[in-house]
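Here's the structure we're looking at; comments come further down.
The values are calculated or read from the model by the stated rules, or taken from the named source; none is laboratory data. Owing to the predicted nature of the structure, the values given are computational and were not obtained by experimental measurement. FYI the Cβ positions are ideal-geometry reconstructions off the backbone, even for glycines, and counts take in every protein chain you see. Ligands, DNA and RNA are excluded from the accessible area calculation, which covers all protein heavy atoms including side chains. Shrake-Rupley method; radii C 1.70, N 1.55, O 1.52, S 1.80 Å.
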Amino acid sequence: MTDVLPRPVVNGHADPQVSLLKFAPEQTPAAETPAVEAVDRPDNPLADWLTVPDVPILPAWARSAASLKANTVALGRLCAWHARYHLLRTPKYAFRLAWLAVKGLWRGTRGLWPTLAAQDQSAAVKALRAQVKAKPDDVDAAVRYALLHRERTVARRWRWGAAATAVAATTIGWWLAPPLLQAGMVAAATIPLAYLGRGEDVQLLDNPTPPLRVDMNAQQLNDALRAAGLLKAGKGDEEGPRVTCVMGPVRDGNGWAVIFDLPKGGGKTAADVLAKRTTIAAELGVDEIQVIAQRVRAAGGGHAGRVSMWIADDDPYLGAPNPSPLVKAETFSVWDPIPFGQDARGNRITVPVMWQSLFFGGLPRRGKTFTQRLMTAAGLLDPFVRHYVADGKGGADWMPMKAVAHRLVMGAEDDAVEALKAMLKELLAEMERRFVLLRGLPVSVCPEGKLTPAIVEKYNLPVIFVTIDELQEFFTAMDREDREQVINDLCRIARRGPAAGFVSNFASQRPDAESVPTKLREIITLRYCTQVVDQTSSDMVLGKGKAAQGADASVLSEEHKGTGVLVTGPASFVTVRADFLDGPAFAELCQRGRALRQKAGQLTGDAVQDVTAAADQAGATIAPVLSDCLTVMRHTARMHTVDLLQRLENLDPDYGDWDAERLARELEEAGVKRTTKQVNIGGKNLAGYRREDLEAAVPPEFLDAR
């Protein structure tokens, strides 16, 4: 026979999937030696005493410090809610108490009346009086009647006198007592009277319902799974198969947590539960965004039929946004995981970006660019990170990067497309140069053929962040040949670049096959998706089949700005509310990043040549229109006025009301002196501006500092 030892504990719970077997001596294989002698042998008289039952010692809610804390906090919140509930009803309770006290006084008086009236003696007196009336000559009966009548009269006088004395003494004592004692005396009299006046239909306090959207219990869970078709219906449903709760349901933060095993024989797996999340949420009476479900893998003591589920009391992704900790950080190393946001339970989510590539997708104005900038913001605080940035929209979101970026491409016009193509060629050349260098290093310096922090500083090979926002704008603006070439270049950078210290960070709206090719999306390792219109769009960003596994960004609503689904592996995903980093804070980080690079000697490329960035760093005032014109003309030496106005409006919608006359007037007031009012571009000689004329209006000290 075999003996099963107590199961190992996994995450605070006995793991039913793992057991240690030991053999009795007569059954031990010849090649094996039992590590522990069995104690439940038939010839062992102490077997029943020594066998340890395989059951948990502590209840589920007390097996971890986190669970104890969560339940304690939940109890505190519940008690506080009850206190507020009853405090607001104090006037109602006071009136009800007074009414019950009056009823109690009436009941008490009615109950004392027989005693005060000595009715315990009245029956005998009435009987003797009737006997005397029937036999007037019965002297003995008359004497006994007289004595008993007198005894009743004396009893009445004493009892009424005692009652009157008690009332008078209480009244005088209350009159002479201080106010606090008076209140105590009133309470001492009112509470017993109210208790006496209570009834089955009248209670002093109301019975409130706790403010929980979900009153989770095992029966409710079984009913929801059965309604979703995950459990077979038995006779009357109560006799059908049921789940086995490994933990809970217990309170966990602002919700209920439960870990359960699906019954065997039903042919259902944890993946089936995840696919039915919407139906389960409907049966539980909550929104699907409140149901957080995932498989429990073998590493966590799980198996293919074990599910961890957390049901929030309310939408966990609403409320004030969480500011990014990067705002207050002085420096940051991109070799460490980047702080990204929080999950539904408030746990901090970090994202390691070294050796990775990232893709951000989702509908416009859902926080996609704000979230993508978190990765870049971390790189700003590391002086040994070189930034290559391209923004296909050409708006103001990435304009502060002019202070730091080695290369900055704004917009998707012809000159910007050419600048993007040149940037990618430069990146590919740098990648090949690094591989040649890394291959030539000794194994003691470069053991894995990849970049290391020591190599970065010793050989001046900074980590390279390749950030491209609104990728579809570039592809739409290119012809087929250029598009294929750019796609191939991006694929090479995303595929081979990580070993050379390249971190690709791409973003696009709905990435269909036309806007972002599949062969580029499929080699991206980390993906993040804000709200999209349907599961198909969600799978386009997060990967095919992810929605069926539970990673579905289409369940997010318009209120979930900055919230999305983060996929970090084939079976790893989490819904994250990203940290908040607004435009001014991002611009301030860019200036700090510029100062860090100047101190470390790592300010290179376009950032060195940008006079407006130098002016911003020095705190000098340059007319905004002049700064904006230099920004949109960064890729060209000449630009027609009509194109300049269009790009200015794309940068800032406030320029939409400007015309050529106002632009000329504003630039003239900013100190721009045009050497010519006509510029020739592509054979078209139209009104326009030369970048040299604009730069001449910048103070000379900033031109000299480039």
Hey, VAL516 open to solvent by less than 10 Å² (accessible area, probe 1.4 Å), β-branched (Val, Ile, Thr) and modelled with pLDDT of 90 or more or not: no
Residue in the stretch 554-572 that is in a helix (DSSP H, G or I), modelled with pLDDT under 90 and not polar (S, T, N, Q) present: yes
Condition met for LEU651 (farther than 19 Å from ALA416 by Cα and out of contact with any His (no Cβ under 9 Å at 6 or more places or on another chain)): no
Residue match in the stretch 620-629 (condition: within 29 Å of GLU470 (Cβ to Cβ), of a type in the set (S, T, N, Q), touching a residue at least 40 places away in the same chain (Cβ under 8 Å) and open to solvent by less than 70 Å² (accessible area, probe 1.4 Å)): no
Test result for ASP539, over 28 Å from ASP382 (Cβ atoms) and crowded, with 18+ Cβ neighbours inside 10 Å: yes
Contacts under 8 angstrom Cβ, first residue in the stretch 682-698 being within 13 Å of VAL625 (Cα to Cα), partner open to solvent by 70 Å² or more (accessible area, probe 1.4 Å), 6 or more apart: ALA697/LYS673
For GLY266: the one exception among (1) assigned to a loop (DSSP other than H, G, I, E, B); (2) in contact (Cβ under 8 Å) with a residue 40 or more places away in the chain; (3) over 20 Å from ASP314 (Cα atoms); (4) open to solvent by less than 50 Å² (accessible area, probe 1.4 Å): (2)
The stretch 641-668 residues that are touching a residue at least 60 places away in the same chain (Cβ under 8 Å), paired with ones that are of a type in the set (A, V, I, L, M) and in a helix (DSSP H, G or I) (beta carbon under 7 Å, 6 or more apart): ARG647/VAL632; LEU651/VAL632
Output for the stretch 522-536, where each listed residue is in contact with a helix residue (DSSP H, G or I) (Cβ under 8 Å, 6 or more places away or on another chain), open to solvent by less than 20 Å² (accessible area, probe 1.4 Å) and closer than 23 Å to PRO337 by Cα: ILE524, ARG527, TYR528, CYS529, THR530
Condition met for VAL154 (under 29 Å from LEU105 (Cβ atoms), within 60 Å of the chain's Cα centre (by Cα) and assigned to a helix (DSSP H, G or I)): no
Count of the stretch 607-640 residues which are small (Gly, Ala, Ser) and over 42 Å from the mean Cα position of the chain (by Cα): 2
Total residues in the stretch 121-135, condition more than 26 Å from ARG159 (Cα to Cα) and in contact (Cβ under 8 Å) with a residue 12 or more places away in the chain: 2
Residue list for the stretch 137-146, filter: under 15 Å from VAL125 (Cα atoms) and exposed (fewer than 11 other Cβ atoms within 10 Å of the Cβ): ASP140
Sole exception among (1) more than 16 Å from ALA548 (Cβ to Cβ); (2) aliphatic (A, V, I, L, M); (3) part of a loop (DSSP other than H, G, I, E, B) for ALA304, by number: (1)
Verdict on PHE359 being at pLDDT 90 or above, under 29 Å from ASP382 (Cβ atoms), crowded, with 22+ Cβ neighbours inside 10 Å and aromatic (Phe, Trp, Tyr): yes
Criterion: in contact with an Asp or Glu (Cβ under 7 Å, 6 or more places away or on another chain), farther than 24 Å from PRO339 by Cα and surrounded by fewer than 16 Cβ atoms within 10 Å (Cβ to Cβ) - qualifying residue of GLY601, GLY545: GLY545
Residue within the stretch 494-513 that is in a loop (DSSP other than H, G, I, E, B), open to solvent by less than 40 Å² (accessible area, probe 1.4 Å) and at pLDDT below 85 present: yes
Answer from VAL327, VAL291, VAL307, VAL296 - the residue that is in contact with a Phe, Trp or Tyr (Cβ under 7 Å, 6 or more places away or on another chain) and either modelled with pLDDT of 85 or more or open to solvent by 10 Å² or more (accessible area, probe 1.4 Å) (or both): VAL307
Number of the exception - TYR93 against (1) farther than 30 Å from VAL143 by Cα; (2) surrounded by 14 or more Cβ atoms within 10 Å (Cβ to Cβ); (3) touching a Leu at 6+ places or on another chain (Cβ under 9 Å); (4) at pLDDT below 80: (4)
Residue selected from the stretch 402-429 under the condition under 19 Å from THR604 (Cα atoms), charged (D, E, K, R) and crowded, with 19+ Cβ neighbours inside 10 Å, by the criterion nearest to the chain's Cα centre (by Cα): LYS402
Among residues of the stretch 526-543, those that are in a loop (DSSP other than H, G, I, E, B), more than 21 Å from the chain's Cα centre (by Cα) and of a type outside the set (Val, Ile, Thr), counted: 2
When residues of the stretch 371-401 are limited to those that are open to solvent by 10 Å² or more (accessible area, probe 1.4 Å) and modelled with pLDDT of 90 or more, the one nearest to VAL327 (Cα to Cα): ASP382
Number of positions in the stretch 548-574 that are under 18 Å from ASN347 (Cα atoms) and open to solvent by 30 Å² or more (accessible area, probe 1.4 Å): 4
Residue list for the stretch 218-253, restricted to those being open to solvent by 30 Å² or more (accessible area, probe 1.4 Å), in contact with a strand residue (DSSP E or B) (Cβ under 7 Å, 6 or more places away or on another chain) and at pLDDT below 80: ASP252
